[in-house]
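Reviewing the structure listed below.
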Amino acid sequence: MGSVDNGVMSDSEIVQAHAHVWTHAFNSISSMSLKCAIDLGIPDTLHHHGHPMTLPELAAELSVPTSKVAFLRRLMAVLAQTGFVSQGKSAAKNDQEQLGLTYSLTPISRAILKGEPGGLSPIVSFVLNPIIQDPLHCLGEWLKSESLTPRTAFAMKHGKSLWEYAAQDVGLNHSLNEAMASDGPVIAKLMVEKRGRQLFQGLRTVVDVGGGTGGLAREAAEAFPQVEWMVLDLPHVVAGLEGTRNLKFVSGDMFKAVPPADAVLLKWILHDWSDDESVEILKRCKEAVSSNGKKGKVMIIDIVIGDESEEGEVSMGIKLCFDLLMMTIVHGKERNEKEWAKLFQEAGFAEYKITPLEGFRSLIEVYP
Ligand SMILES: C[S@@+](CC[C@H](N)C(=O)[O-])C[C@H]1O[C@@H](n2cnc3c(N)ncnc32)[C@H](O)[C@@H]1O
Ligand SMILES: O=c1cc(-c2ccc(O)cc2)oc2c(O)c(O)ccc12
């Protein structure tokens with residue numbers, strides 16, 4: 001978009017500006033259409049069908065009554081426009097043109113199939129849950145209030161932190177754990193692909209701190225059976241979870257103590273916390289990997305914000321939105337390399353190494 005310095009815009013600049021505003025104002029409508037598609041199970045239904053589905057076939061599978069078929073077509077039109085389904089025409093003649101439309105999966109919709117390794121449907125459902133979205137409506141009010149309590153717009157809206165909310169609401173706890181666990185197998189694979197099996201070789205014990213329901217640890221424990229894995233998380237997260245021969249779930253508080261181990265993993269943990277809190281967590285991790293005079297390591301999976309010159313526009317956009325989401329719901333933040341280095345130094349670590357994984361994720365290995 002051209003910049004204007006005399007306050008006079010050409011007609012075409014005005015049209016472009018309006019299109020830009022409309023697009024952003026309506027982004028939430030396409031987001032909610034995506035959520036609705038996931039709620040209804042549209043991608044999975046198309047997948048199981050195996051070939052293009054007509055509108056009446058799709059409606060019948062989704063239990064949408066005949067009286068609502070024309071409304072379903074309008075949802076499908078938005079999903080086709082945003083690339084989540086492909087829309088075609090059936091060869092069979094039909095009096096009503098809309099009934100002759102067919103729908104099939106696109107390469108993009110495969111990323112939201114339920115049960116797909118690394119599939120994003122649990123994350124979409126979590127992020128677009130009203131419990132997470134409502135605080136975004138209070139962001140302005142929260143920014144204008146002088147007081148730093150409540151610490152987040154989430155706490156302003158709900159009167160408690162995300163972790164307290166999840167401890168009391170079975171549905172949100174389940175959705176949060178599913179969302180976080182969903183990229184575990186992909187991250188485990190990427191870590192080994194990018195850093196080689198030596199990343200875990202020689203280690204006898206690893207603690208996944210704030211490891212949730214073990215999305216990553218289960219995969220890693222199978223791939224590295226000689227390593228003893230432990231997942232440390234809050235009581236309501238690990239309650240009732242069954243471990244395996246080399247995987248244990250333990251409840252605890254990472255601000256108080258981390259069990260001694262050769263290595264500690266922190267996946268999507270430090271972006272949830274302020275700098276002071278992150279330094280505290282890192283200190284507990286340093287104590288854990290330094291017990292009995294050993295020098296282990298801490299492995300962090302998180303976002304590293306690059307310079308504007310090195311970040312692609314899409315990657316930068318995702319990282320900045322993550323930063324705002326972390327600010328809104330957990331009082332956390334995304335960091336650039338300089339900010340990460342400062343945390344490591346304050347927590348008493350000597351060295352670190354960053355390995356970009358894929359998209360917006362990085363592995364940071366930190367050594368005492
Ligand atoms: C964003 S999730 C990441 C989960 C997991 N590492 C993953 O990537 O799948 C943050 C996790 O930190 C846990 N957590 C929050 N406060 C904690 C604390 N004080 N001690 C231990 N775990 C905590 C939450 O319950 C949650 O499972
Ligand atoms: O909504 C989220 C999403 C993430 C997340 C999911 C998948 C990734 O590959 C990276 C990050 O992390 C979150 C998080 O740490 C949190 O405290 C709340 C929400 C989310």
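The values are calculated or read from the model by the stated rules, or taken from the named source; none is laboratory data. This structure is a prediction, so every number in the text was calculated from the model and none was measured. With ideal geometry, Cβ positions are generated from the backbone for all residues, glycine too; neighbour counts draw on all protein chains shown. Protein only, heavy atoms only, side chains kept; ligands, DNA and RNA dropped before computing areas. Shrake-Rupley method; radii C 1.70, N 1.55, O 1.52, S 1.80 Å.
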Would you work out the charge dipole size for the stretch 241-368 about its Cα centre, treating the Cβ of every Lys and Arg as +1 and the Cβ of every Asp and Glu as -1, and quote it to the nearest 20 debye? 780
Percent antiparallel among DSSP beta bridges (both partners in the stretch 189-304, rounded to 5): 5
Excluding ligands, DNA and RNA, what is the solvent-accessible area per residue of the chain at a probe of 1.4 Å, expressed in Å²? 53
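Under unit Cβ charges (Lys, Arg +1; Asp, Glu -1), what dipole magnitude, rounded to 20 debye, does the stretch 142-241 have relative to its Cα centre?
Details: 10 positive and 11 negative charges, 59 e Å.
Taking the Cα centre of the stretch 142-241 as origin, the dipole is about 280 debye.
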Specify the residue with the greatest mean-square fluctuation among PHE154, PHE26, PHE322, computed from a Gaussian network of the chain linking alpha-carbon atoms under 10 Å apart. PHE26
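Quick one: pull the percent of accessible area on the chain belonging to carbon and sulfur, 1.4 Å probe, ligands and nucleic acids left out.
Reported share for carbon and sulfur atoms: 55 percent.
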With +1 assigned to the C-beta of every Lys and Arg and -1 to the C-beta of every Asp and Glu, and no other charges, what is the dipole magnitude of the chain about the Cα centre in debye, to the nearest 20? 920
Could you order ARG245, ARG335, ARG284, ARG197 so the one with the most accessible surface comes first? Probe is 1.4 Å. ARG245, ARG197, ARG284, ARG335
So what is log10(I(q)/I(0)) for the stretch 253-335 at q = 0.17, 0.21, 0.26 1/Å, when the Debye sum runs over its Cα atoms only? -0.73, -0.94, -1.18
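Determine the calculated [θ] at 222 nm for the chain from helices alone, applying -39500 (n - 2.57) to every DSSP H run no shorter than 4 residues and normalising by the residue count; nearest 500 deg cm²/dmol. Write out the running numbers ahead of the final one.
Working: 16 runs with 173 residues, N = 368.
Computed mean residue ellipticity for the chain: -14000 deg cm²/dmol.
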Listed residues TYR103, THR149, HIS137: farthest to the positive end of the dipole of the stretch 103-180 (Cβ charges): TYR103
Please state the shape class of the chain: rounded when a/c is under 1.5, otherwise prolate if a/b exceeds b/c and oblate if not, all from the C-alpha gyration tensor. prolate
In whole Å, what is the distance between the alpha-carbon centres of the stretch 28-55 and the stretch 104-168? 22
Treat each spin label as a single point 7 Å out from the Cα along the C-beta direction, and report the ALA257 to ARG195 distance in nm. 2.7
Please work out the C-alpha center-to-center distance from the stretch 265-333 to the stretch 178-227 and express it in whole Å. 17
Among all the aspartates and glutamates, which ones have a C-alpha under 13 Å from LYS189's C-alpha, if same-chain residues fewer than 8 places away are not counted? GLU219, GLU222, GLU358
Please compute the net charge surrounding LYS248, taking Lys and Arg as +1 and Asp and Glu as -1 over other residues with Cβ under 11 Å from its Cβ. -2
Most fluctuating residue of GLY210, GLY332, GLY83 in a GNM of the chain with Cα springs under 10 Å: which is it? GLY83
How big is the antiparallel share of DSSP beta bridges in the chain, given as a percent to the nearest 5? 45
